[in-house]
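To start, the structure under review is shown below, and the notes come after it.
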Amino acid sequence: MVQNLNVLLPKVRTIIFGAVVALSLLVIVVAAVAASRWGGIPVTYTGLSIATAVLSLLSLPPLWWLSVNRKGAFTSMVVVEYPWFCFLWILWIASAGSSASAATGLSFFSSSDAVYGSTAALAAFAFFGWFATLGYSIFLIVFVIKAQLASKSSEVWFASVNEFDWDGAVAGNGSGGIKGGIAPVTTAPQYPPQGQPMQYATQPQYTGSAAQV
């Protein structure tokens, strides 16, 4: 069993976010170069690649910042983050596939070496983006399922990767939840010991003779 998951998972998350952002910047530059070498002719694969990279750039940095600086933000919940990464890896594989298909067609024309080089590079970067987003999606869902089965609770879906107590949940010790959270304190009702009669308050008794007329 991997130890210290509370450190490992946030670190892997940060690395993946940074890698996808860097790849997005590269894809935008390479796609722009490939589009320029077509002489102004609009091509589908460059537009799709740029759209995928821009969408990743506009979403991942804010998601990461909110998870670090705003505790409990709904955008940091696994139930939001996991579907979004699934959507991103679908876009990345579509971009990679269209670019690879275009590169394969261009490889048959010797006059298109410049276009082929930028298109092949674009396909490679898009595949790396797909590997990163898909790999993180699989990595995350594996630990989410482990935590849910071990803790017998769906609380992991509504927590952030940075805030959830992965060590307590995945280790199978019956704990989990938000790191640093305070568990509610319950007190059992107090009953008198069995066999002893209940004590009731007695009213004061007055003595003395009644007033005579």
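What follows draws every value from the coordinates through simple rules; no lab data is involved. These figures come from a predicted structure and were not determined experimentally. Note that we place each Cβ from the backbone using ideal geometry, even for glycine, and neighbour counts take in every protein chain shown.
For segment 14-22, the criterion of a residue being in contact with a strand residue (DSSP E or B) (Cβ under 8 Å, 6 or more places away or on another chain), over 30 Å from Ala103 (Cα atoms) and surrounded by 14 or more Cβ atoms within 10 Å (Cβ to Cβ) is satisfied by no position. Name the residue, out of Val144, Val115, Val156, that is in a helix (DSSP H, G or I), in contact with a strand residue (DSSP E or B) (Cβ under 7 Å, 6 or more places away or on another chain), buried (at least 20 other Cβ atoms within 10 Å of the Cβ) and in contact (Cβ under 8 Å) with a residue 24 or more places away in the chain. One residue alone meets the criteria, Val156. Among the residues that make up segment 77-89, is at least one of them farther than 16 Å from Ile16 by Cα and in a helix (DSSP H, G or I)? Checking segment 77-89: at least one residue is farther than 16 Å from Ile16 by Cα and in a helix (DSSP H, G or I). Please verify whether Thr104 is in a helix (DSSP H, G or I), closer than 25 Å to Leu26 by Cα and in contact (Cβ under 8 Å) with a residue 60 or more places away in the chain, treating the condition exactly as stated. Judged against the criteria, Thr104 is not a match. Only a single criterion out of (1) touching a residue at least 40 places away in the same chain (Cβ under 8 Å); (2) part of a helix (DSSP H, G or I) is not satisfied by Leu25, namely (1). Kindly indicate the residue of segment 54-72 that is in a helix (DSSP H, G or I), farther than 21 Å from Leu91 by Cβ and not small (Gly, Ala, Ser) and also farthest from the chain's Cα centre (by Cα) among those meeting that condition. If we take residues in segment 54-72 being in a helix (DSSP H, G or I), farther than 21 Å from Leu91 by Cβ and not small (Gly, Ala, Ser), then Asn69 is farthest from the chain's Cα centre (by Cα).
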